[in-house]
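**Q** Sharing a structure below in structure tokens format, with a few things to ask.
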Amino acid sequence: MGKKPELLPGTLDLLILKTLSRGSMHGYGIAAFIKRISVDVLTVEEGSLYPALQRLLLQRWVKAAWKVTETKRRARYYTLTREGRRQLGDELSQYESMIAAIGRVLQDT
Amino acid sequence: MLLRVLRKLQLLIWRRRFHRDLGEEMSFHREQVEEQFRTEGMSAEQAHRAARQQFGNDLQLREQSQDVMAFRLESMLQDLRFAVRQLRKNPAFAGTAIVVLALGMAATVAIFAFVDAALLQPLPYQNPSRLVVAYETTNACRECTLSYLDYLDWKKTNTVFSSFEAWDASVYLWRSPEGVQAVRSAHVSGGFFRSLGVAAMLGRVFTDTDDTPAAPRAVVLTYGAWQSRFGGRQDIVGQSLILDNAAYSVIGVLPREFHFALRAAEFFTTIHDPSRCEQSRDCHDLNGLGRLRDSVSLDAAMAETKAIAARLEKEYPESNKGRSARLVPFRDAIVGDIRPTLLVLASGAGLLLLIAYANVASLLLVRAESRKRETVLRGVLGASVARLIRQFVTEGVLLVAVAVALAMPAASAAIPWLFTLIPERRLRGMPYFRDAGLHPRVLLFAAAVSLLAVVVFSVTPVLRLSLSNLREDLAEGGRGAAGTLWKRFGSNLVVAELAIAMVLLASAGLLGKSLYRMFHVDLNFNPANLATLEVNVHGAGYVKTDRLRTLSQRLVEHISAMPGVVSVAHTSDLPITCNCDSVEFRVLGHPWYGEHDKALQRVTSADYFEALRARLIAGRFYTEADDRSKPRVVVINRALVKQFFAGEDPVGRTIGDAGLSPESLAQVIGVVDDVREGDLVEPLVPALYYPFQQDTDGTLFLVVRTGPAPGPMMPSLVRAIHQVDPNLGVRNEFVMDDRINDSPAAFLNRSSAWLVGGFAASALLLGAIGLYGVIAYSVSQRTREIGVRMALGAQRGAVYRLILGQAGFLAAVGIVVGLAGSVPAAALLKSLLFGVQSWDVPTLIGVAVVLGICALLASYLPARRAASVNPVEALRAE
């Protein structure tokens, strides 16, 4: 477990929001998606995923509804709300300017 | 923000659904992971285990999610339920802790209610902090009254007071429908109430025009007088009252909250027309009351009044020589003598509370120790440290809440009980105490005390938690040797408890000894079976000496004929009252260098010394035969002889006033032992006794020696006086023993001795319980060790020595620390002590012995249990 790099602090919400911007998904789906897209580099621990989802629900950036999966199982699907989309935009631009700043510092030395 | 709270609330209501959703969501997730693993080629069982492992602690996960969503409230409810269960499981622990805590809190809160009433509650005047009491001061008398003319000069020439007023105490004989009643009253100057900032509740208060000889006579009633004497009738304003044979009309009633501690008057009248005394600068009868201007400090006002006094001294040297001024803030003037007592009592209650805290904290510590296993288990099962702490805090809160629920009613019941410690006569001078109760400030104080308790009781077990290592505890399995932490903290707490108990015991011991000394001062008269009454004659028209003399004769004759009366006499001032009413005197033939020698002056009827059973030392007492047809005589007391007739025989010498004017000269015919005229704690001072027949004076205090107990005879004595003249006023009917018991010093010392004694006894009990707890716990932890020792041949005596030695060490440290702490405590007590040094070795030794014996008793029980350990069983239990 210790081999995998830790998620940058504060980025989990951003990752979830970004993932959900492609369409509604259940919790497992979000975790699996992030893992797949990042080619196994980023693993979202369940221990942080669900509290994070609750936090986003509370902020009304996502909403949740029970639906049936393709395998005929009941699962809770999370969807981005309009506020969530705006928040994603904000966080993305913040993130990008920060990464750019870090990059400049690192290149300079 | 609001929305979020609403959502949380919503969740609280549907929390079951929330849990179900979360649970379902997670098991779905886990199944998906499991399936994933299977597709990667794991066996079903392997996949299941791997998924479980990855997922981690299901419970912890859920709690984390819940923490985000739910209020703390829900887990708090859970904690609370658990805490209640915990307390109910250990009724002995819970009961002890709660009772101890409630006791400490109730005592502290009740005492604080009195501190609040006396020192913090604003006085019922406008801007009371600007009020000062003004005195004239001389070498002989620090706080003396002003003469009327001096008062007028102070009032006219000062620039520091926005108003300067005067008042003096008086008694009116009021002709009520039920007969003549003597009523405590006060004369006040016209601006008195305006200066206090008090308006009438009904009618009006005085103005300056009421205070002129031409104005119609008017009286203002207090709320209490209006209620009790006039039944609160609404048409009281405008009614006419006969006071001292003159008609006064009621112009107003003061508000209910008004009180004037310096004089518990029921009727207020104006000075109106200055009396004969008030026309002379030599005669001092007024008290000054000033309101400082806004920008003027007390010091500046003091400087100016002193300057005024100095100017008057220069202008009127014969009357004002040596007279300066003194200002005292109003609050200090009314609480001056009670403040040290209150501080001592508050400190005592505070110490008791401290012991209670320490006691409960050590109980909690023991319990935390024995709950080690539970804590470890919960920690291993995934409870976060924060969650564990929250559990302890909840238990602390519950404990304190129950204690408060008991303590507050107890405190509110204790307040009226504390009132009964104050004799009615003394309560009159402390009217602010009547408001003592659970007022907002007191409740705030109670809240602070409770909060502190919660902090202490949550921190104690948490301390244990954070300092110990979960893994170590688990390995130990909650058994093994007594925790080192417990040893360190627990025994320190017990030492602190014993030390505080020692301080309280020492204080109680000193106060008790002081009280004993006070009640064993030489009175030099026999106080048993002595009834005393004040007869007010002036208002009944007895002014001329002839009439007074006849009245005296008739009163003495009539009362001595009553069954049960042994002897009757009267005096101008009763014993155990004050070292007041003194005069300047000179001895004829002694060298004189202009000094002002003073002695108390008493005018008594012939049988006075016999009625008191005072001892004659030399010469003779005066008799009825020493009347106006004979040369003037005087009896002096031993103190006067000691001070002024060293090595001389005083009998036959002549004493006169400062100017040795011929009409003042009187021959000394006898010496009486020092009858204690002042309060018990006041020194015995020189006194002159003159016969009433020669030196007739208008104040009569009757002294009646009775065969049976004097108390029940009081009503018939009052009746007998009214049979002589129904217009006479009678008041202050007291048995001499009560007068002594309730004298200011005795009352203050007695109530503090009782209360501090109560605190000390409770402290001793708590300290003993604490010590017992520590030793018992240590024995229970060392059972195995003791078993091994005994198996190896240790005798029972050795086991006793082991345990008692441990207890003795703790007690000894506690006593030594307590002795050190008693020094500052005794310094605080110093102003209350009489006839006892604050460092009284026998008291301290006695107290240490008492504490030592109690400590021995408290540790004997656990020691016996240790000595009766069966080695076989102790070892088998392993």
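Bear in mind these aren't lab numbers, they're just calculated from the coordinates by the rules spelled out. The structure presented is a predicted model; accordingly, all values stated were derived computationally and were not measured. Quick reminder, even Gly has a Cβ in these numbers, built from the backbone with ideal geometry, and neighbours come from all protein chains shown.
**Q** In whole angstrom, how far apart do the alpha carbon centroids of region B:92-144 and region B:512-557 sit?
**A** So the two Cα centres are separated by 34 Å.
**Q** Under unit Cβ charges (Lys, Arg +1; Asp, Glu -1), what dipole magnitude, rounded to 20 debye, does the protein assembly as shown have relative to its Cα centre?
**A** 5320 debye
**Q** Between region B:379-439 and region B:13-51, how many Å separate their Cα centres?
**A** 52 Å
**Q** A follow-up question, please. From the P(r) of region B:542-726, could you give the percentage of C-alpha pairs in the tail past 31 Å?
**A** 18 percent
**Q** Report, in degrees rounded to the nearest 10, the 0 to 90 angle that the Cα long axis of helix B:91-115 makes with the longest principal axis of chain B.
**A** 30 degrees
**Q** Right, another one. Which listed residue (B:ALA215, B:ALA401, B:ILE355) has the Cα farthest towards the positive end of the charge dipole for the protein assembly as shown, taking +1 on Lys and Arg C-beta and -1 on Asp and Glu C-beta about the Cα centre?
**A** The residue sitting most towards the positive pole is B:ALA401.
**Q** For region A:11-108, max minus min Cα coordinate along each principal axis, in Å, sorted largest first?
**A** Computed over the Cα atoms, the extents are 54, 30, 22 Å.
**Q** Please order B:ASP244, B:ASP725 by the number of other Cβ within 10 Å, starting at the fewest.
**A** Neighbour counts put them in this order, fewest first: B:ASP725, B:ASP244.
**Q** Of B:PHE809, B:SER450, B:VAL180, which is farthest along the charge dipole of chain B in the positive direction, counting Lys and Arg as +1 and Asp and Glu as -1 at C-beta?
**A** B:PHE809
**Q** Further question on the same structure: Roughly how many debye, to the nearest 20, is the charge dipole of chain B about its Cα centre, given +1 on each Lys and Arg Cβ, -1 on each Asp and Glu Cβ, and no other charges?
**A** With only Lys, Arg, Asp and Glu charged at Cβ, the dipole is about 3600 debye.
**Q** Can I ask one more? Which three extents, in angstrom, do the Cα atoms of region B:359-470 have along their principal axes, listed largest first?
**A** The Cα atoms of region B:359-470 stretch 67, 23, 19 Å along their principal axes.
**Q** Sticking with this structure for a sec: Largest first and in whole Å, what are the equivalent-ellipsoid semi-axes of the protein assembly as shown based on the Cα gyration tensor, each being the root of 5 times an eigenvalue?
**A** Ellipsoid semi-axes (Å, largest first): 81, 39, 25.
**Q** So, one more: Can you compute the charge dipole magnitude of region B:542-726 about its Cα centre, using +1 on each Lys and Arg Cβ and -1 on each Asp and Glu Cβ, nothing else charged? Give it in debye, rounded to the nearest 20.
**A** The dipole magnitude comes to about 400 debye.
**Q** Another one. Sort B:HIS272, B:HIS439 so that the residue with the fewest other Cβ atoms within 10 Å of its own Cβ comes first and the one with the most comes last.
**A** Result, fewest neighbours first: B:HIS439, B:HIS272.
**Q** 7 Å from Cα along Cα→Cβ at both B:ALA827 and A:VAL39: what's the point-to-point distance in nm?
**A** Each label point is offset 7 Å from its Cα along the Cβ direction, giving 8.0 nm.
**Q** Once Lys and Arg get +1 and Asp and Glu get -1 on their Cβ, which of B:GLN667, B:PRO575, B:LEU551 lies farthest toward the positive end of the dipole of region B:542-726?
**A** So the residue furthest toward the plus end is B:LEU551.
**Q** Would you mind checking which residues have amide H under 5 Å from B:ASP674's amide H? H placed 1.01 Å from N; only 5 or more apart, or other chain.
**A** The list, which skips near neighbours in sequence, is B:ARG638, B:ALA639.
**Q** Kindly identify chain B as rounded, prolate or oblate by the Cα gyration tensor criterion: order the square roots of the eigenvalues as a ≥ b ≥ c, call it rounded if a/c is under 1.5, otherwise compare a/b with b/c, prolate if a/b is larger, else oblate.
**A** prolate
**Q** Which pairs in the list A:LYS35/A:LYS63; B:LYS156/B:LYS314; B:LYS544/B:LYS598; B:LYS306/B:LYS642; B:LYS544/B:LYS642; B:LYS321/B:LYS544 are over 26 Å apart, alpha-carbon to alpha-carbon?
**A** B:LYS544/B:LYS598; B:LYS306/B:LYS642; B:LYS544/B:LYS642; B:LYS321/B:LYS544
**Q** When Lys and Arg each count +1 and Asp and Glu each count -1, what net charge do the other residues less than 11 Å away from B:ALA117, Cβ to Cβ, add up to?
**A** Result for the neighbourhood of B:ALA117: 0.
**Q** Listing B:ILE803, B:ILE422, B:ILE775 from the residue with the fewest other Cβ atoms within 10 Å to the one with the most, what is the order?
**A** With the fewest neighbours first, B:ILE803, B:ILE422, B:ILE775 line up as B:ILE422, B:ILE803, B:ILE775.
**Q** What's the extension gain from A:ASP90 to A:THR11 if we count 0.36 nm per residue and subtract their Cα-Cα distance?
**A** Full-extension gain reported as 27.2 nm.
**Q** What's the local net charge at B:ARG638, with K and R +1, D and E -1, over the other residues with C-beta under 14 Å away?
**A** -3
**Q** Give the lysines whose C-alpha is closer than 25 Å to that of B:LYS513, dropping any in the same chain fewer than 8 places away, or say none.
**A** B:LYS513 reaches B:LYS830.
**Q** What's the FRET efficiency of B:LEU444 with B:PHE419 using the Cβ-Cβ distance as r and R₀ = 25 Å, to the nearest 0.05?
**A** 0.65
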